[in-house]
Every structure is written in C-alpha cells, then in structure tokens.
1. Tell me, yes or no, whether region A:105-114 has at least one residue that is in contact with a Phe, Trp or Tyr (Cβ under 9 Å, 6 or more places away or on another chain), open to solvent by 70 Å² or more (accessible area, probe 1.4 Å) and part of a helix (DSSP H, G or I).
2. Please specify each residue of region B:147-177 satisfying the condition of being more than 20 Å from B:GLY36 (Cβ to Cβ) and within 11 Å of another protein chain (Cβ to nearest Cβ).
3. How many residues are of a type in the set (Asp, Glu) and open to solvent by less than 40 Å² (accessible area, probe 1.4 Å) when one looks only at region B:97-137?
4. What strands (runs of 3 or more DSSP E) completely inside region B:174-265 contain at least 1 residues that are free of Cβ contacts under 8 Å to residues at least 60 places away in the same chain and open to solvent by 80 Å² or more (accessible area, probe 1.4 Å)?
5. Tell me which residues, restricted to region B:16-29, are of a type outside the set (Phe, Trp, Tyr) and in contact with a strand residue (DSSP E or B) (Cβ under 6 Å, 6 or more places away or on another chain).
6. Mind counting the residues in region B:68-91 that are open to solvent by 10 Å² or more (accessible area, probe 1.4 Å), of a type outside the set (Val, Ile, Thr), away from ligand 2 (no atom under 16 Å from the Cβ) and part of a loop (DSSP other than H, G, I, E, B)?
7. For region B:81-103, name all the residues that are over 15 Å from the mean Cα position of the chain (by Cα) and either within 7 Å of another protein chain (Cβ to nearest Cβ) or not aliphatic (A, V, I, L, M) (or both).
8. Criterion first (within 10 Å of chain A (Cβ to nearest Cβ), within 30 Å of B:ASN136 (Cβ to Cβ), within 16 Å of ligand 1 (Cβ to nearest atom) and free of Cβ contacts under 8 Å to residues at least 60 places away in the same chain) does B:GLY78 satisfy it?
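The values are calculated or read from the model by the stated rules, or taken from the named source; none is laboratory data. Since the structure is predicted, the reported quantities are computational estimates derived from the model, not experimental observations. Counting neighbours? That spans all protein chains shown, and the Cβs are built from the backbone with ideal geometry, glycine included. These area figures cover heavy atoms from the full protein model, side chains too; ligands, DNA and RNA do not enter into them. Shrake-Rupley method; radii C 1.70, N 1.55, O 1.52, S 1.80 Å.
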Amino acid sequence: MNKKASKAQKNRTFFLSFFKVKKNRDRLIHLGISILAVIIFILAWDLYAQLQNKPYLPRPHMVFDALIASFFNRDPFSQRYMGEHILASMVRILYGFIIAFILAVPLGLLMGWSKHVHNAGNPIVELIRPIPPIAWIPFAIVFFDEPFDTAFIVFLGIFFPVLINTIFGVKRIDPIIIDAAKTLGVTKRNMLQKVIFPAVIPTLMTGIRIGLGIGWMCIVAAEMVGVTGGGVGFYISAMADVGRYDDMFAGMIVIGILGFITVGGASYIERRVSRWMGMR
Amino acid sequence: MDGNALIKIEHLTKIFDSDDKSVSAISNLNLTIEEGEFITLLGPSGCGKTTILRLIAGLEIPSEGIIYERGEKVEGPGPNRGMVFQEFALFPWRTVIKNIEFGLEIQGMPKEKRREIAMHYIDLVNLEGFENAHPNELSGGMKQRVGIARALANEPDVLLMDEPFGSLDAQTRNIMQRELLGIWQKTNKTIVFVTHSVDEALYLSDRVVVLTSRPATIKKEISIDLLRPRDRAGKEFAKLRHEILGEVEEEVTKAIASERKKEES
Ligand SMILES: Nc1ncnc2c1ncn2[C@@H]1O[C@H](COP(=O)(O)OP(=O)(O)OP(=O)(O)O)[C@@H](O)[C@H]1O
Ligand SMILES: [Mg+2]
C-alpha cells in the first residue's frame, strides 16, 4: 500500500508542476492587465488635469513629488514626517481594532449560540449599527481623550462587521458536528471553547478583513475633525485648508495604499489560516 | 433486569412536534441489546432508524418510554455511548489524530497519554501515515475510519453506527464491512448498526431487527447463525437474504402506498 501511495504521490507532483507553470503564466497575465489599467488611469487623470488646469486638481507627477517629499520633510503644521503621521493613524486603528475584537468575538459567539442572548442583544445592535461612525465624532471628542476618541470611531467601524460575521459563523456550523461533540463528552461549558470557536475562525477572519477596510475609512474622517497627535487624516485636512492640493492628494494616496496593504494582508492571512485549518 | 443486557428499550415512542404538523417517528418499540452483540436495525428509508440511534445516544428525548443503559436511564448524550455518523461529522479544523484524541482531551487526559491511545486506534483502523492530514484531504472511506477511531478512543460501552458506509462506493463498503468485523472482534464492543441494505445487515450481524415503515416498531427479529467470514454468494446467505428482503419489501411497499395517499389527499 505504501509503494502505491508513493507512486500516486509522484504522479500527482508531476501534474501539479505542469499546472504550476500554467498557473504562473496566468498570474503574469492578470498582473499585466492590472498594471496596464493603473497606467491608463494615471494617464487619463493627467490629461484631464491638464485640460482643467485648476489648482485643486494637480497633475499626477506633482502629487508624486509631494508624496516623496512628505516622507523627508516635516509638515508646517505639526512638524512631523509622513512616517509619523502613518504611525499615529495606525496606533489609533490598532487600539480600535483590539477593543472591537475583544468585545465583538465573545458577544458574537454568545449571540450566535444562545437564542436568549440573541434576542436581548439584537435590537440594540440593529439600532446602533446603521448610525455612521462619523456621526459619533462630536460625542467621542468630548467623551474620550486622545487617542481613544479617534480609536472609538474606528472601534465602531470594526465592531459590527466582526460581530455580524461571528454570529453568522456560529449559525452556519453544521449541527451534526455539535451532535458529534456531545456524544464525545462535550458539555455545555466547553462547547464554545472546543467546538464553536474553532469552527468560526474562518468566518471571523472575513469579519476582520472587512472591519479593517472600514477602519481606515473611519480614521480619516475622525482625524479630520481635529486631533493633536498628527495622523494621515489630519495631514489631508490641514493641507486642504491651506490650499496645498498636491500634498492633500499625496495624503489620500497614502491612505489608499495603507488600506490596500492592510486589507490585502488580512485577506492573505484569512486564506492561509483557512487552508492551514483544513477548511479552505 | 437481565444480567447481560447492555441496553434496554421499553415502550419507546417518539413524536416530532413542530408548529404546523406532528410526525410520529417511533411507536412503542421494545428491544434489548446484549453485551458484545452486533445488532443491526434494518428498515426502509425514512422509517425512523436514525431517530432510534439518536434516542439511544441521548441526542433526542423520548416522547414516551425509557431507555436504560446498564440499568441506568439514559438522560442525555455521554461518552459511554459513541456514535458514528453517515455524514462522518468530523471536526474539519482538526487533524486525523486530533479528531481521534478529541474525547480524551475533553476528559482532561494528559497529552502524552492520549497521543498513545490515539495511535493505537489509528493502527486499529489502518490510518498509519495520515495522522496529520485534515479531513478534507481524505477519501470517504478514510474519513469514516477516523469517525470509527474517534468514537472508539473514548472506550464507550456501545458503538452506535448510523449507515456509516452509506455514502461509500461498493468496493470500499465491502472492505470497510470486513474491517469493522475485525475491529468488533478485537475490541469486544457492542455495536448497534443501522442500514437499509439487507446484504450489509446479513454480512455483519448476530441479529437483524427488521423495522416497520414509519412509525418504526419491530416487525421481525432474525438471528444470523452463519459463521464469519460470511460468504455473500453462499446458499444459506441467499436464503436468508430472500427471507429478509421479503419482510423489508413489504414495508417499503407500505411506505410508498402511504406516501401516495398523503399526496392524493
Ligand atoms: N428533528 C426532526 N424534526 C421533525 N421531524 C423529524 C426530525 N428528525 C426526523 N424527523 C422525521 O422522522 C422520520 C424518521 O426520520 P429518520 O431520520 O429517523 O429516518 P431514517 O430511517 O433514518 O431515514 P433514512 O433512511 O433516510 O436515513 C422522518 O419522517 C423524518 O422526516
Ligand atoms: Mg437515517
């Protein structure tokens, strides 16, 4: 049987290597198309900016120069480098994310598992969820101190997607797995820890990915209203106020790239974890 | 209570009540299962076989009647009644060995010891080399080996098997049946097996219990005294198959007739 298995294995690796070549070529084509689209987008922007010739729509190369400069020169308002602004924004997102995660996951597990907890929590959740996090800014500013005022806005943005996905993940668990666990001696007390939580991890990761994307949107809005510790959102609004639109756009691009990297990273981890857990 | 009765089912009735209808699945079923016995419940599809096993497992509560295990009333699921599911019901995030260790882990057994026991059962079900594979990397037959090992690792008094080979191809099913008999003989477990295949019931069991169409109750009990390994092509096998098939087909016909009546009304 072992011999047979190793032969099958060999055959499989042969086919896999064949597919890999094809897969790599496909990947190259996909990447090429994406890059081409970005180039076309930038060219179109440049053309339009030249036609308009307005200060509030700078040409791409001006924005690019401003972007590079922002990393090597302090800004005139808070005397910070772009790197420091990025760090400030990231710290706020991290705080918001950690608090959202610590609260949303256990609550989501309980709401998914227990009808009573769901009935108790759902009306409140569904009432607060439609309120845009930005609407909380005035409240957050007076209620919390730096950096928790902005972190609170981020928290609101991340909390609900993680909560909803956790609840959904619990409800989606195949009941036969729960039954199997019961016949193996799992009691009410360790069901959450031993079965529900691991089963829910892939869906939970989806919630985190969505939440992180929303987190970046919230941070900019929150920082625009006024913060003392810098931040990319602060940078954008400060530059807009003094009419330095190339710097403003540079800040916007920084947010875009950071969001892209965060969500891309989360999505990569999501896939890796699912595969590693044998749940694809 | 009988000295060697492991499970005693008395006047078991199960009615599923939902908002708009109530389904009577089992009606006044009485059955005694002896220690070490390989008993098969055979019945047409939808007659209530799974429900009987789930009741013994404690996953369902009887509407009426009582189930005893070693003289004690069954009042919920527990590790002394292991179950093997047609859908395998493995934990997809756990590797083969961690699936098998699961029950021991729940008991709080130290890691070294449960590893050792799990390895023993991996050996027993011929899964050497797949310890660290995840269920989604396994074929159906191998998944069910994990299911069997996982249930056995808890050292239950009885193994409840609900059409465990129902979704496997014919060849694999035959192999699994043969190996299951080997496992049964090595472990001296009591096995309650559910199937709608007459052939499977005859090949495996000491005793075949033919169930009526829904609501299930016992139609006939037949002891199979053929020596193992049994020859599926043998004359006596064929005779018994003929006899049991007659009993089962009567019930299938009834079931179809009652379905038709329901559709007409
Ligand atoms: N939880 C439930 N709620 C309502 N009805 C149920 C429930 N479980 C089973 N039933 C009904 O009880 C009857 C018996 O079902 P059961 O699954 O026990 O039959 P079975 O003999 O195992 O069928 P199969 O051969 O398809 O596995 C069926 O009519 C089924 O629809
Ligand atoms: Mg069934």
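1. No, every residue in region A:105-114 fails to be in contact with a Phe, Trp or Tyr (Cβ under 9 Å, 6 or more places away or on another chain), open to solvent by 70 Å² or more (accessible area, probe 1.4 Å) and part of a helix (DSSP H, G or I).
2. B:GLY147, B:ARG150, B:ASP162
3. 3
4. Where strands (runs of 3 or more DSSP E) fall fully within region B:174-265 and carry at least 1 residues being free of Cβ contacts under 8 Å to residues at least 60 places away in the same chain and open to solvent by 80 Å² or more (accessible area, probe 1.4 Å), they are B:218-223.
5. B:SER22, B:VAL23, B:SER24, B:ALA25, B:ILE26, B:SER27, B:ASN28, B:LEU29, listed by residue number.
6. Residues meeting the conditions: 8.
7. Answer for region B:81-103, where residues must be over 15 Å from the mean Cα position of the chain (by Cα) and either within 7 Å of another protein chain (Cβ to nearest Cβ) or not aliphatic (A, V, I, L, M) (or both): B:PHE91, B:PRO92, B:TRP93, B:ARG94, B:THR95, B:LYS98, B:ASN99, B:GLU101, B:PHE102, B:GLY103.
8. No.
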